[in-house]
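K.L.:
One structure coming up, written as structure tokens, with questions to follow.
The values are calculated or read from the model by the stated rules, or taken from the named source; none is laboratory data. It should be emphasised that the depicted structure is a prediction, and the values quoted were computed from it without experimental measurement. Here the Cβ positions follow ideal geometry from the backbone for every residue, glycine too, while neighbour counts run over all protein chains shown.
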Amino acid sequence: MIERWDAPEWARSAIFYQIFPERFYNGDPSNDPQNVVPWDSTPTRENFFGGDLAGIRARLDHLERLGANAIYSTPFFKARTNHRYDTSDYFEIDPAAGTLDDFHALVEAMHQRGMRLVLDAVFNHCGDGFWAFEDVVRHGADSAYADWFDIASFPVTAEPVSYQTCGGAAFLPKLNHISPAVREHLLKVARYWLEQGADGWRLDVPWKVPMDFWRAFRQEVLNTNPDAYIAAEVWRGTTPWMGNDTVHGVMNYQVRSAILDFLAYDSMDAEDFDYELAQIRREHGPSAPYHLTLLGCHDTPRILTLCGGDAARVRLAAIFQFTYIGIPMIYYGDEIGMAGDNDPFCRAGMVWDESRWNHALFDTFRTLTAFRRDHPALTQGDFEPLLTFNGVYAYRRCHTADEVIVVLNPRDARRDLHIPLGASAEPGGTWQDALSETRFTASGGVLHLPELPARSGYVLTPVKGDHA
């Protein structure tokens with residue numbers, strides 16, 4: 001087990017906000033693609049809404065109001081699709097997303113506000129519009145770039161597909177990372193955008209790429225910017241990424257799965273939830289504070305939809321997300337109660353009409369971001385389970401003099417609940433909920449909750465001057 005984890009300290013205290021640029025805000029209609037649809041249109045896998053980099057910059061006030069201080073942006077490099085995971089040129093911003101000047105303006109505006117920008121490294125595959133792939137299609141085995149791809153036979157054909165792809169999609173030819181030229185090209189991309197002001201990279205489907213490439217990638221990134229953050233999209237089996245030589249963190253889908261089972265679906269009780277969390281913490285070791293804790297993203301149904309439209313369950317999931325070990329990441333629109341099933345419906349245009357927001361949910365997210373920022377126990381502290389009783393889960397986070405107790409109840413109401421405070425806690429005093437200001441009393445090392453409503457949660461801190 002690695003005893004010390006090397007990662008940028010700023011990431012530990014970050015609150016990420018994931019943006020799908022094409023659907024966040026249209027800040028410059030002059031660069032709209034042809035046949036752009038009205039902003040509130042139903043999303044499809046083909047249509048374009050006109051969101052761009054200028055739109056992200058125009059709406060940074062929203063992120064600041066929410067309390068987010070870092071952005072993970074899905075791709076905005078030149079491509080043919082609205083999601084832009086089919087890169088045509090890694091060094092060129094898609095004309096519909098803006099220009100290099102727009103990128104610089106966004107980075108400058110973010111850095112002035114103390115925000116960081118992490119980009120999407122789509123380096124397993126490119127698009128069929130990628131200039132090197134187009135050359136191979138034209139010239140076949142005689143192309144200077146023929147070894148950039150894994151091609152079974154020439155001429156190159158999409159039907160039937162004669163080359164390795166990502167997920168069987170003919171428009172996503174897989175890059176050949178054995179080729180030194182491919183490696184150097186991608187490492188040059190990594191360097192370039194960090195030199196332009198980006199603060200890190202999120203790795204797309206990284207398990208499909210040889211690990212030695214990611215080791216070289218990490219070295220290149222940190223040589224360019226020693227304070228850059230690298231996170232990997234890893235849905236299952238994070239152990240290969242725990243060597244302290246590839247990434248700083250992963251998108252923590254394992255924790256997300258446990259959150260959904262316990263807080264959204266009621267398919268897991270508190271004992272099961274605690275067991276799953278402990279297993280994941282053991283697997284992650286000292287890297288645990290640097291993984292991204294997410295409730296949803298552009299590849300999943302939205303959290304409100306998964307909770308059956310029950311905002312109280314979303315509230316519980318958010319409480320856990322912001323008080324557990326790891327870096328919270330909010331998917332754009334989840335904070336205001338946007339709904340949507342899986343792709344493409346989870347990729348609707350951000351709702352900017354505040355009359356359509358769930359303001360209670362937004363206030364919950366705002367309170368939690370501020371609370372996390374103010375309490376080092378949540379970014380630096382230990383984790384101690386206190387109670388697993390059927391559907392009730394309580395835990396303690398503590399760092400020096402700062403301590404927080406969290407109580408989660410996704411099931412029926414409880415009465416006369418007693419929660420042990422832990423061996424190192426003060427035996428008595430008053431505790432106040434950060435979300436409702438409700439107060440509870442502890443004595444003899446036990447916190448007493450006369451009522452715990454159904455689908456409710458508390459984020460408790462000791463009332464100063466009232467503890468023995």
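K.L.:
Going by what's in this entry, would Phe91 be described as under 28 Å from Val250 (Cβ atoms) and surrounded by 22 or more Cβ atoms within 10 Å (Cβ to Cβ)? Give the derivation first.
P.N.:
Working: under 28 Å from Val250 (Cβ atoms): yes; surrounded by 22 or more Cβ atoms within 10 Å (Cβ to Cβ): no.
So Phe91 fails the test.
K.L.:
Which of the residues belonging to the range 260-295 are surrounded by 14 or more Cβ atoms within 10 Å (Cβ to Cβ), among the charged types (D, E, K, R) and not in a helix (DSSP H, G or I)?
P.N.:
Within the range 260-295, Asp269 is the sole residue that qualifies.
K.L.:
Of everything in the range 130-166, what is in contact (Cβ under 8 Å) with a residue 40 or more places away in the chain and of a type outside the set (A, V, I, L, M, F, W, C)? Give them in sequence order.
P.N.:
Hit for the range 130-166 is Thr165, nothing else.
K.L.:
May I pose another question? So for the range 296-312 (the condition being in a loop (DSSP other than H, G, I, E, B), of a type in the set (Lys, Arg) and modelled with pLDDT of 95 or more), does at least one residue qualify?
P.N.:
Yes, because at least one residue in the range 296-312 is in a loop (DSSP other than H, G, I, E, B), of a type in the set (Lys, Arg) and modelled with pLDDT of 95 or more.
K.L.:
Turning to a different aspect of this structure: Of the residues that sit in the range 133-184 and are part of a helix (DSSP H, G or I) and of a type in the set (D, E, K, R), which one is farthest from the chain's Cα centre (by Cα)?
P.N.:
It comes out as Asp142.
K.L.:
With respect to Arg80, determine if the residue is under 30 Å from His185 (Cβ atoms) and basic (Lys, Arg). Can you show your working first?
P.N.:
Numbers: under 30 Å from His185 (Cβ atoms): yes; basic (Lys, Arg): yes.
The answer is yes for Arg80.
K.L.:
Follow-up question, since we're still on this one. Inside the range 442-468, can you point out the residues that are more than 30 Å from Asp272 (Cβ to Cβ) and out of contact with any Asp or Glu (no Cβ under 9 Å at 6 or more places or on another chain)?
P.N.:
Ser443, Val463, Lys464, Gly465, Asp466
K.L.:
Could you please find all residues in the range 146-188 being out of contact with any Cys (no Cβ under 7 Å at 6 or more places or on another chain), crowded, with 18+ Cβ neighbours inside 10 Å and among the aliphatic types (A, V, I, L, M)?
P.N.:
Ala146, Ile151, Val156, Val182, Leu186, Leu187
K.L.:
Next up: Could you grab me the full set of residues in the range 206-220 that are aliphatic (A, V, I, L, M) and buried (at least 22 other Cβ atoms within 10 Å of the Cβ)? Break it down into steps so the answer makes sense when it comes.
P.N.:
Pass one, the range 206-220, residues aliphatic (A, V, I, L, M): 209, 211, 216.
None; the set is empty.
K.L.:
Inspect the range 338-356 for any residue being among the hydroxyl-bearing types (Ser, Thr, Tyr) and crowded, with 16+ Cβ neighbours inside 10 Å and give the result as yes or no. Break it down into steps so the answer makes sense when it comes.
P.N.:
First, the residues of the range 338-356 that are among the hydroxyl-bearing types (Ser, Thr, Tyr): 355.
Subset that is crowded, with 16+ Cβ neighbours inside 10 Å: none.
There is no residue in the range 338-356 that is among the hydroxyl-bearing types (Ser, Thr, Tyr) and crowded, with 16+ Cβ neighbours inside 10 Å.
K.L.:
Going by what's in this entry, would Asp382 be described as more than 21 Å from Pro462 (Cβ to Cβ) and either free of Cβ contacts under 8 Å to residues at least 40 places away in the same chain or not assigned by TED's automatic domain parsing to the domain that holds Gly429 (or both)? Break it down into steps so the answer makes sense when it comes.
P.N.:
Details: more than 21 Å from Pro462 (Cβ to Cβ): no; either free of Cβ contacts under 8 Å to residues at least 40 places away in the same chain or not assigned by TED's automatic domain parsing to the domain that holds Gly429 (or both): yes.
Taking the combined requirement at face value, the residue does not satisfy it.
K.L.:
Just the residues that are in a loop (DSSP other than H, G, I, E, B) and acidic (Asp, Glu), please, taken from the range 117-132.
P.N.:
Hit for the range 117-132 is Asp128, nothing else.
K.L.:
Any idea how many residues of the range 40-62 are within 21 Å of the chain's Cα centre (by Cα) and surrounded by fewer than 22 Cβ atoms within 10 Å (Cβ to Cβ)?
P.N.:
5
K.L.:
Just to be sure I understand, how many residues within the range 319-339 are without any contact (Cβ under 8 Å) to a residue 40 or more places away in the chain and either part of a loop (DSSP other than H, G, I, E, B) or among the hydrophobic types (A, V, I, L, M, F, W, C) (or both)? Spell out how you get there, then give the answer.
P.N.:
To start, the set of residues in the range 319-339 that are without any contact (Cβ under 8 Å) to a residue 40 or more places away in the chain comprises 333-334, 336-339.
Then drop every residue that is not either part of a loop (DSSP other than H, G, I, E, B) or among the hydrophobic types (A, V, I, L, M, F, W, C) (or both), which leaves 333, 336-339.
The total comes to 5.
K.L.:
Say whether the condition of being in contact with a helix residue (DSSP H, G or I) (Cβ under 8 Å, 6 or more places away or on another chain), of a type in the set (S, T, N, Q) and not in a strand (DSSP E or B) is met by at least one residue in the range 395-410.
P.N.:
no
K.L.:
Here's a check for you: in the range 420-440, which residue that is part of a strand (DSSP E or B) and under 32 Å from the mean Cα position of the chain (by Cα) is surrounded by the most Cβ atoms within 10 Å (Cβ to Cβ)?
P.N.:
Residues of the range 420-440 that are part of a strand (DSSP E or B), as a first pass: 420, 429-433, 439-440.
Still in the running and under 32 Å from the mean Cα position of the chain (by Cα): 431-433.
Values: Trp431: 26, Gln432: 17, Asp433: 17.
Taking the candidates together, the pick is Trp431.
K.L.:
Oh, and also: Under 6 Å between Cβ atoms, at least 6 apart or on separate chains: pull out the pairs that start in the range 251-266 with a residue that is basic (Lys, Arg) and end on any residue that is surrounded by 19 or more Cβ atoms within 10 Å (Cβ to Cβ).
P.N.:
Hits for this filter: Arg256/Leu294.
K.L.:
Of the residues Ala70, Ala79, Ala97, only one is over 27 Å from Ser30 (Cα atoms), surrounded by 22 or more Cβ atoms within 10 Å (Cβ to Cβ), at pLDDT 95 or above and in the same structural domain as Leu368 (by TED's automatic domain parsing); which?
P.N.:
Details: Ala79 fails: over 27 Å from Ser30 (Cα atoms); Ala97 fails: over 27 Å from Ser30 (Cα atoms).
None of the others qualify; the one that does is Ala70.
K.L.:
Looking at the range 281-318, which of its residues are hydroxyl-bearing (Ser, Thr, Tyr) and more than 13 Å from the chain's Cα centre (by Cα)? It would help to see each step written out before you state the result.
P.N.:
Taking the range 281-318 first, the residues hydroxyl-bearing (Ser, Thr, Tyr) are 287, 290, 293, 300, 305.
Answer for the range 281-318, where residues must be hydroxyl-bearing (Ser, Thr, Tyr) and more than 13 Å from the chain's Cα centre (by Cα): Ser287, Thr305.
K.L.:
Here's a follow-up. With the checklist (1) touching a Pro at 6+ places or on another chain (Cβ under 9 Å); (2) aromatic (Phe, Trp, Tyr); (3) closer than 22 Å to Ile71 by Cβ in hand, flag the one item Tyr163 doesn't pass.
P.N.:
Among (1) touching a Pro at 6+ places or on another chain (Cβ under 9 Å); (2) aromatic (Phe, Trp, Tyr); (3) closer than 22 Å to Ile71 by Cβ, Tyr163 violates only (3).
K.L.:
Quick one: is Arg414 buried (at least 17 other Cβ atoms within 10 Å of the Cβ) and either touching a Gly at 6+ places or on another chain (Cβ under 9 Å) or not hydrophobic (A, V, I, L, M, F, W, C) (or both)?
P.N.:
Numbers: buried (at least 17 other Cβ atoms within 10 Å of the Cβ): yes; either touching a Gly at 6+ places or on another chain (Cβ under 9 Å) or not hydrophobic (A, V, I, L, M, F, W, C) (or both): yes.
When the stated conditions are applied, Arg414 passes them.
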